[in-house]
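The structure appears right after this line, and notes come after that.
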Amino acid sequence: MASLLLLTHFLCFTFTAIIPIFSPVSAEPAAKTYIFRVDSFSKPAIFPTHYHWYSSEFTEAVNILHVYDNVFHGFSASLSPSQAASILQHPSILAAFEDRRRQRHTTRSPQFLGLRNQKGLWSESDYGSDVIVGVLDTGIWPERRSFSDLNLGPVPTRWKGVCQTGDKFTAKNCNRKIIGARYFSKGHEAAPGFGGIGGGGINDTVEFKSPRDADGHGTHTASTAAGRHAFSANMSGYASGIAKGVAPKARLAVYKVCWKNSGCFDSDILAAFDFAVSDGVDVISISIGGGDGISSPYYLDPIAIGAYGAVSRGVFVSSSAGNDGPNGMSVTNLAPWLATVGAGTIDRNFPAEVILGDGRKLSGVSLYAGKPLRGKMYPIVYPGKSGVLSASLCMENSLDPHLVRGKIVICDRGSNPRVAKGMVVNKAGGVGMILANGVSNGEGLVGDAHLIPTCAVGANEGDAIKSYIASHPTASATINFHGTVIGVKPAPVVASFSGRGPNGLNPEILKPDLIAPGVNILAAWTDAVGPTGLDLDNRKAEFNILSGTSMACPHVSGAAALLKSAHPDWSPAAIRSAMMTTANRVDNRLQPMTDEATGKPATPYDYGAGHLNLDLALDPGLVYDLANEDYVSFLCAIEYDPKTIQVITKSPVDCPMKKPLPENLNYPSIAALFSTAAKGVSSKTFFRTVTNVGDTNVEYRVKIEAPKGVTVNVKPDKLVFSEKVRKLSYYVTITVDSKNLVLNDSGAVFGSLSWIDGKHVVRSPIVVTQMSPL
């Protein structure tokens with residue numbers, strides 16, 4: 001009875017905001033898409049398939065969009081709220097939630113990860129040959145050289161997918177590199193204001209109803225993860241070099257779930273997960289997130305649910321951490337079975353500079369490739385001086401041509417796309433733009449392929465230019481562009497936009513897990529739009545340079561493909577552990593990594609375990625492994641009841657009488673939460689198990705870097721492995737004294753625990769923080 005009451009409460013909570021009370025004369029609200037989780041064990045034997053059962057049993061669901069059979073049992077349908085409420089009363093329905101729209105988290109990086117041609121992970125894995133990477137994104141532009149199948153062997157026999165044809169996409173667009181492609185548009189087409197009521201379906205003037213990419217994002221992420229190598233690449237002369245993805249011989253399976261100008265819908269994303277697992281992918285790369293700064297509970301998050309179904313079948317899932325940094329608690333995709341990837345810089349930059357009339361030179365970045373200003377000085381103006389916010393942001397139709405004509409215009413970053421601001425300036429008669437960061441972006445800069453001469457500058461430089469204008473009635477400036485510079489120090493630096501911890505759902509699990517290259521990344525691009533993505537940009541580019549955790553995620557996806565190829569028996573958790581415990585915390589100066597937003601040392605809330613280092617991940621020594629039952633135990637620990645857990649796991653579960661502790665999930669990091677109400681000395685003990693994947697007979701000893709004001713004790717302090725002993729466990733006791741504990745600006749203190757055998761350093765970050773009791 002208690003379980004039933006909890007389930008009823010859960011379902012009522014799910015629908016509280018979406019099923020109103022109707023008066024007899026009120027009109028039925030417009031249909032929406034709902035996703036229903038069904039207890040698959042309830043299907044009567046008389047029905048040959050779940051689809052037949054759903055169609056017969058749930059007569060309200062006359063418009064079923066997707067049926068889910070693999071990672072999730074259930075269906076999505078376009079219904080009125082009253083129809084959805086009626087279906088919800090059926091005893092086989094475990095949960096339901098409204099479809100939600102999500103957004104994309106929008107060369108040299110493989111070498112920067114430690115990959116070399118002659119030895120190491122590339123050679124050990126044969127460049128990821130025969131590992132299948134599924135990319136859930138905006139599709140693919142298959143003609144790019146990055147997707148050539150030259151000298152690739154036959155398609156792996158385990159592949160069960162298809163090459164779905166459609167608008168300007170035929171079976172010939174698949175090959176031994178792009179071995180499968182599908183598109184998912186039913187959720188998009190049913191959504192009010194997009195394809196459904198008030199919308200117009202797929203707009204074939206700007207989109208392709210097929211796996212073909214009209215946006216560019218999917219082509220870019222796919223080639224980052226698994227693009228072929230050994231040919232020259234650049235974007236309008238910038239970032240010249242040899243193009244290569246992280247896993248150049250891996251096979252690609254494309255799942256188009258995102259549509260230009262309208263995002264990606266949960267019902268379509270879940271369908272793509274379902275097919276990807278059934279098709280036989282080994283890795284799933286998903287650079288998509290909520291985009292609203294709010295993380296849903298796992299049982300209401302189709303990305304978390306779909307990813308669990310994939311991971312439970314041995315598929316590694318890499319996700320982006322979101323671009324809402326540097327604000328704290330901005331990291332997204334928080335499920336502990338996901339690899340959550342933040343973004344860092346690489347040692348390549350595209351410098352530009354603003355030269356003021358008084359001779360000062362202020363540094364910035366740009367990918368502008370048009371006619372330069374050639375040192376000519378122009379009047380400079382800041383429209384925001386008037387106090388009108390839209391003018392300061394250079395929003396559409398906000399600029400007075402009399403004010404900006406023939407001048408360089410300062411535009412504040414935010415609200416509208418960075419490159420769109422330049423077009424507003426150009427439309428008003430301006431000759432160039434200085435794009436100034438605000439306080440929230442700090443000194444974090446990304447290059448854009450602007451259509452007018454533009455230099456992006458940090459908040460400090462922006463303030464200096466504005467002060468110069470305010471004190472000089474005849475202020476002037478010019479912009480110089482300096483191409484590509486390699487060997488930049490420091491690098492990596494945590495990108496200012498990268499999503500930050502702590503974990504907003506379960507702070508006992510440190511997120512992000514790690515960071516990877518995500519700033520100014522060169523990769524393949526679509527022919528459907530120019531490099532800015534603007535409708536007015538008619539340029540064609542085989543490659544484009546983009547920034548975002550969207551670009552970091554496929555680096556880890558490609559890395560997982562290489563590790564899976566080199567170690568076919570490793571689980572998704574073991575692969576993630578290998579990346580995390582070998583990650584770098586120092587930059588190319590051998591100094592602690594810094595935060596681009598502040599210039600100060602970064603912390604595990606910024607970079608998780610550190611920056612991906614594949615040279616070491618190939619041979620991590622020890623791994624922290626996890627199985628399905630461990631994740632179920634975690635869900636019990638965070639007080640999900642068995643029926644709620646079944647929404648995620650598909651199968652019924654039983655939680656133990658003694659509630660587990662969430663912090664005892666066998667994660668490669670440790671987060672200790674203490675109550676602010678606790679006075680004096682407090683302790684917490686954590687349990688971890690490591691599996692030896694290195695030399696057979698080996699002894700590891702512990703090394704502790706205790707957080708300031710914290711005592712860390714590990715028992716035993718020595719682990720001895722042999723041919724018969726491959727797994728060993730240990731306890732970590734963390735003790736704090738409230739009188740001596742001084743937390744830093746992020747509300748925590750940080751340290752680490754490492755197991756060392758003389759060859760390997762298996763490091764786990766430690767985070768200690770205080771939280772107010774509920």
Tell me which residues, restricted to the range 680-699, are under 26 Å from Thr603 (Cα atoms) and not aliphatic (A, V, I, L, M). Ser682, Ser683, Lys684, Thr685, Phe686, Phe687, Arg688, Thr689
For the range 656-689, give me the residue count where each residue is modelled with pLDDT under 95 and of a type in the set (Val, Ile, Thr). 2
In the range 469-501, what residues are closer than 21 Å to Asn441 by Cα and open to solvent by less than 30 Å² (accessible area, probe 1.4 Å)? Ala491, Pro492, Val493, Val494, Ala495, Ser496, Phe497, Ser498, Gly499, Arg500, Gly501
Quick one: how many residues across the range 400-412 are open to solvent by 20 Å² or more (accessible area, probe 1.4 Å) and in contact with a helix residue (DSSP H, G or I) (Cβ under 8 Å, 6 or more places away or on another chain)? 3
Among residues of the range 475-504 being over 30 Å from Leu403 (Cβ atoms) and not in a loop (DSSP other than H, G, I, E, B), the residue modelled with the highest pLDDT is Val494
For the condition under 26 Å from Gly747 (Cα atoms) and of a type in the set (Asp, Glu), what is the one hit in Asp615, Asp606, Asp569? Asp606
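Which residue is surrounded by the most Cβ atoms within 10 Å (Cβ to Cβ), if the candidates are limited to the range 277-331 and must be in a loop (DSSP other than H, G, I, E, B) and β-branched (Val, Ile, Thr)?
Of all residues in the range 277-331, those in a loop (DSSP other than H, G, I, E, B) come to 280-282, 287, 290-297, 301, 312-315, 321-331.
Applying the additional criterion that residues be β-branched (Val, Ile, Thr) yields 281, 294, 315, 331.
On the way: Val281: 29, Ile294: 8, Val315: 23, Val331: 32.
My answer is Val331.
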Reported set for the range 127-178 where residues are open to solvent by less than 40 Å² (accessible area, probe 1.4 Å) and within 19 Å of Val317 (Cβ to Cβ) is Gly128, Val131, Ile132, Val133, Gly134, Val135, Leu136, Asp137, Thr138, Trp159, Gly161
Quick one: count up the residues across the range 723-748 that are open to solvent by 10 Å² or more (accessible area, probe 1.4 Å), part of a strand (DSSP E or B) and closer than 30 Å to Asp615 by Cα. 4
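Would you check if there is a residue in the range 570-583 being of a type in the set (D, E, K, R), open to solvent by 20 Å² or more (accessible area, probe 1.4 Å) and either under 23 Å from Thr224 (Cβ atoms) or in a loop (DSSP other than H, G, I, E, B) (or both)? First the steps, then the outcome.
Our first condition is that a residue be of a type in the set (D, E, K, R); within the range 570-583, this holds for 576.
When the remaining residues are screened for being open to solvent by 20 Å² or more (accessible area, probe 1.4 Å), the result is none.
Checked against the condition, which is being of a type in the set (D, E, K, R), open to solvent by 20 Å² or more (accessible area, probe 1.4 Å) and either under 23 Å from Thr224 (Cβ atoms) or in a loop (DSSP other than H, G, I, E, B) (or both), the range 570-583 yields no hits at all.
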Looking at the structure I just gave you, is Ala475 touching a strand residue (DSSP E or B) at 6+ places or on another chain (Cβ under 7 Å), of a type in the set (A, V, I, L, M) and not assigned by the TED database to the domain that holds Asn588? yes
Does Asp641 satisfy the criteria of being farther than 27 Å from Asn327 by Cβ and modelled with pLDDT under 95? yes
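The values are calculated or read from the model by the stated rules, or taken from the named source; none is laboratory data. On a predicted model such as this, the values are computed, not experimentally measured, just so you know. In this analysis, Cβ positions are derived from the backbone assuming ideal geometry, glycine residues included, and neighbour counts consider all displayed protein chains. Accessible surface areas use protein heavy atoms only, side chains included; no ligands, DNA or RNA. Shrake-Rupley method; radii C 1.70, N 1.55, O 1.52, S 1.80 Å.
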